[in-house]
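Where a number appears in this text, it was derived from the coordinates with a stated rule and is not lab data. Keep in mind that this is a model prediction, so the values were computed, not measured. Cβ atoms come from the backbone with ideal geometry, glycine included; neighbour counts cover every protein chain shown.
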Amino acid sequence: MMILNMVRQGLLGELLHAECGYLHDLRSLLFRKGGEALWRLAHVQERDGDLYPTHGVGPVAQWLNINRGNRFTRLVSMGTQARGLGLYAREQFGPDSTEATSQYAKSDIVTSMIQTAAGQTVQVRHDTLSPRPYSRGILLQGTAGLVRKYPEEKIHLAARSEPEAWEDLADYREAYEHPLWEATMSTLKDVGGHGNMDYLVDYRLTQCLRAGIAPDIDVYDAATWSAISALSEMSIAGGSRPVEFPDFTRGRWQERPPVGIVTV
């Protein structure tokens, strides 16, 4: 949300490239006997593609005005060998266990490249079957600088930063904090998961419904972000061939206004 505010104020110049993903070691979770394991493991066994693109691509899509003046036009995906889950299962359950002898279709790491109608590129990664710290690999680059999250929050601006040096993003928080985040987080203690982010999503949706205005994330966004999963499978199955990205708005992306900067 802070980066969105920076983008809307033109701090990064014209946007060129973004990176994001879901990078989370889920190997132990996949072999639990209930909960998420009941559906997550089946996808890993049967599908080879980006199984969860929405977590990372959502903020990027808003920064790039996807479905609101811009859109994704084509996608190319490729995957690594499928090794991580089999190795983990042999170590945890033994080489003759059902877990170790099962087949897993999912590549350990799937990388997708998406192009937009405006000419930008977006890299989306899915990495849940290898040992690693959690990350979403956030990076946004423009003609005037770039900003990143994970493992650290850093920014470099051509007009302000020392040459070839990062600055701490926290130093820009007072000037560019999103007003909705600032207004709600200052009064909240612990009312929702993920550091109150779950609460804020529900709060903003309720705010839109009460005001009778379109939500910041709508059905077109849901379809577009989710489609990356199926399109990545199609691309990998076709030898990493490019696939065209559907326009779920049927051309209305050209007239829909971008997501604005809102407050309470």
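Cut-off 15 Å, label point 7 angstrom out along Cα-to-Cβ of Arg252: give me the residues of the stretch 215-240 whose amide nitrogen falls inside. Counting only backbone N, you get 215-224. Label positions at Leu205 and Ala42, each projected 7 Å from the Cα along the C-beta direction, are separated by 2.3 nm.
Taking the Cβ-Cβ separation of Trp181 and Arg90 as r and a Förster radius of 51 Å, what is the calculated FRET efficiency to the nearest 0.05?
So the FRET efficiency works out to roughly 0.70.
Under the convention that each Lys and Arg Cβ holds +1 and each Asp and Glu Cβ holds -1, the size of the dipole of the chain around its Cα centre is about 560 debye.
Kirkwood hydrodynamic radius of the chain, from the reciprocal of the average inverse Cα-Cα distance over all distinct pairs: 20.1 Å.
Segment Ala170..Asp216, full-extension length gain: 14.0 nm, with 0.36 nm per residue of separation and the alpha-carbon distance subtracted. Of all aspartates and glutamates in the structure, the ones whose alpha carbon falls short of 16 Å from that of Lys154, not counting any fewer than 8 places away in one chain, are Glu19, Glu162, Glu164, Glu167, Asp168, Asp171, Glu174, Glu177. Applying 0.36 nm per residue to the separation of His55 and Tyr150 and subtracting their alpha-carbon distance, the gain on full extension is 32.8 nm. What the Cβ-Cβ distance of Phe31 and Leu188 gives, at R0 = 30 Å and to the nearest 0.05, is a FRET efficiency of 0.25.
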